[in-house]
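For reference, the structure is listed below as structure tokens.
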Amino acid sequence: MSDRDSLGHRGAHEHTEYRDGRDRHGDDYDPRFSLSSVDDPALTETGVMLMGLDAERLLAGLGMAALMDDPAQVALAVDRVRHGVTALPGFDGLLETGVRRWRSARVALAAAGSGPPAPASLRRAWDETLRMLGYCDLGDAGSATTAHLAACWLRQEEIDRCARRPASAGS
């Protein structure tokens, strides 16, 4: 008789281990996966999402923030523009606007004193960066601008390299 039910799921009695031998159902904490606290601000999860974007999309999002300052709407609008779905400025135009914004904001961010937080928990680094941005003179920065600047700051080496490249046609 099979140890699977009618839908093909394995029975609860089955013992499963990780490749390193730890018991998957035991008390060992697995740091590879953790959910955010229900008390975490929504902007923290937005930050986790933004950190998964490539440098060009982050910079284009920063450029889009001048048009609409909601981080989730900016991310969606940038994706639409990238795929030619909307009549907003083209991706290259948004990218160039974002590069200009990054260059001007980078001076204020660098004046805040320190570089990005040391690699640790992504959510903790995000929160520390948002606190640091609160002390920077960034002008009229709404939540989308702040979110995109935080993501850019956390990945500043990659963002700086991208900002030095000329805009690529048809990105």
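Structure summary
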quantity	calculated
Residue 67 versus residue 49: modelled label distance in nm, points set 7 Å from Cα along the beta carbon direction	1.8 nm
Karplus 3J(HN,Hα) series, Hz, for segment 90-103 with 6.51 cos²θ - 1.76 cosθ + 1.60 (x for Gly, Pro)	x, 4, 4, x, 5, 4, 5, 4, x, 4, 4, 5, 4, 4
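Every number here is computed from the coordinates shown, using simple stated rules; none is lab data. Just so we're clear, the structure is a prediction, and the values are computed from it rather than from any experiment. Glycine also receives a Cβ, built like all others from the backbone with ideal geometry; neighbour counts cover every protein chain displayed.
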